[in-house]
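The values are calculated or read from the model by the stated rules, or taken from the named source; none is laboratory data. Because the structure is predicted, anything quoted here is derived from the model rather than measured. Every residue, glycine as well, gets a Cβ built from its backbone with ideal geometry; the counts of neighbours run over all protein chains shown. Ligands, DNA and RNA are stripped out before the accessible areas are found, and what is left, the full protein with its side chains, is counted by its heavy atoms. Shrake-Rupley method; radii C 1.70, N 1.55, O 1.52, S 1.80 Å.
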Amino acid sequence: MQVRVRFAPSPTGFLHIGNARTALFNWLYAKSVGGILVLRIEDTDQKRSTKEAVDMAIKSLKWLNIDWDEGPEIEGPYGPYYQSDRLEIYKEYTDKLLEEGKAYYCFCTSEELEKKSSMQKTLNQLITYDGKCKAVSLDEAKERIKNGELARVRFNCPKDEISVFEDFVRGTVKKASHEVGDIVLCRENGFPTYNYAVVIDDMLMRITHVIRGEDHISNTSKQVLIYQAFGFEVPKFAHTAMILGSDKEKLSKRHGASTLMDFKDEGYLPQAIRNFLALLGWTHPEALETMVDEDMIKAFALNRFSKSPAIFDTAKLRHLNAWHIRNTDLDEITNLFLPFLIKDGFLKEDYTEEEGAWAKKLVSVIRHNCVVLNDISKYVPIFFQNDFEITTEMKEILEKEESQKVLKFFKEKISEMDTIEDANIKDLIKLTQKEVGVKGPLLYHPIRYALTGTSEGSELSHICDILGKESILYRLNKFV
Ligand code: GLU
């Protein structure tokens, strides 16, 4: 049987790290077994769902390169894929449950329910509905509704049953049905609740595996009883451990950028975020840390999730991002850098082919220094400013006799060169070392200070390659 998984965001806020990880795990599983990933928008909470959040979720998934096989924009055989377009379907199933006595209408007012639940709370009892409206026959309930009364639909939860399901992370999970109680299936406005709609949708969409956060474990126990009431087959589950901040507290905005788009704006790469998310609660069998998609897809298995919470480690994310910046194909990484070069005014929006080629060369050099794409603002300016201030300390070093010898020799040779390239500059540096007889900082510092006015940055040969002959000579002339 073909594996079918789903990612089912509620568009009540922006996609954050936790949601993105769930999406990624489902995507990896589908890709690893040749399965189907369904994207379903769970927008039945009308008060809190917004179109903006739907658009943002879709945009975030696209940025992350997580593609789906069925869902919004890609219609499939089990649509519609927005829950708000499926109300008729839910109603059909609700009618069935009502007819079979597996659900009933409840006319209790919110005040009445609140009073009862606060009483249960005071007495330290389980907060469940007392079943008062079960006594109202279906015919009478329909009559009352016809006469304008509002009613919700409640599950007639079976007594003395155990809800059991198998979980790839938690093993066998059991809960007594009286702890679930007669939960609400449909609200007074006719909209289904999450726990109800999710069962019908997962069944109708032929979902075989449900991979989601551990915060849904108690919901799953409720859902299993609803599956059983319908006689539906229960899917397999994997509830992944929570993500905590480095202070072991629940991950929140305090721990830095939290929506996916914040990470994009800060200059994190989608492939680095995928790599990082995969390691939040999952491990590669060979303990690989830096991974590209193929590594993750090849090794992905549901039995490699960890039970203990995952810790969101920003230092690790930065390390992975820097690795991906260095190791991603040059054309691809250049394309990711371009918007940042344009944003910082280093490149015009309508850049020419020549400027594009220059940008690529620039990226090939500065990518070795950047941890996030935004770092270009630290490393690019030196290529634009032929005139810059230097510190007194640098000045003193540049004025030393040995430094002057280095700069003179280097300048002379540069002026004789026809082409300035990484390789021939590397050779020239070696030659300078040999001819002048200095090495290490005595050799590198004077050249670096004279060319860039800074003490750190890209490799000297790379810097020269980008500066070109004219700029190199202009800069050296100021100090020799
Ligand atoms: N809409 C739910 C959420 O965003 C989905 C939970 C599930 O995967 O069933 O939390």
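The table below lists the values:
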| item | result |
| --- | --- |
| Residue 109-residue 143 pseudo-label distance in nm [points 7 Å out on the Cα-to-Cβ vector] | 2.3 nm |
| Förster radius 35 Å - calculated FRET efficiency between residue 318 and residue 390, Cβ distance, rounded to 0.05 | 0.70 |
| Where labels lie 7 Å past Cα in the beta-carbon direction, separation of residue 415 and residue 134 in nm | 10.0 nm |
| Percent of alpha-carbon pairs separated by more than 33 Å within the chain | 54 percent |
| Cα-based Rg / Dmax (Å) for segment 357-444 | 15.3, 40 |
| Global form of segment 239-342, assessed from the alpha-carbon gyration tensor, a/c cut-off 1.5 | oblate |
| Shape category assigned to segment 73-225 from the gyration tensor of Cα positions, a/c cut at 1.5 | oblate |
| DSSP-assigned coil residues among GluC sites (Glu not before Pro) in segment 363-400, each with at most 13 further Cβ atoms within 10 Å | 389 |
| Solvent-accessible area per residue, Å², over segment 143-192 with all protein chains present [probe radius 1.4 Å] | 54 Å² |
| Segment 1-120 - accessible surface per residue (Å², probe 1.4 Å) | 47 Å² |
| Burial order of peptide ranges 1-13, 297-309 (average beta-carbon count within 10 Å, highest first) | 1-13, 297-309 |
| Partnerless Cys - the chain, beta-carbon criterion under 4.7 Å | 108, 157, 186, 370, 464 |
| Value of relative contact order over the chain, rounded to a whole percent, pairs C-alpha under 8 Å and six or more apart | 12 percent |
| Global size of segment 307-389 as Cα Rg and Dmax, reported in angstrom | 15.1, 57 |
| For segment 235-244, 3J(HN,Hα) per residue [Karplus equation, 6.51 cos²θ - 1.76 cosθ + 1.60, θ = phi - 60°, Hz, x = Gly/Pro] | x, 8, 10, 9, 9, 7, 4, 5, 9, 10 |
| Share of carbon and sulfur in the accessible heavy-atom surface of the chain [1.4 Å probe, %] | 50 percent |
| Sites matching GluC sites (Glu not before Pro) across segment 242-340 that sit in DSSP coil, with at most 14 neighbouring C-beta atoms within 10 Å | 249, 286, 289 |
| For segment 327-458: accessible area per residue (Å², 1.4 Å) | 56 Å² |
| Acute angle (nearest 10 degrees) that the helix 110-122 long axis makes with the longest principal axis of the chain, alpha-carbon atoms | 80 degrees |
| Overall form of segment 380-421 per C-alpha gyration tensor (a/c, 1.5; a/b vs b/c) | oblate |
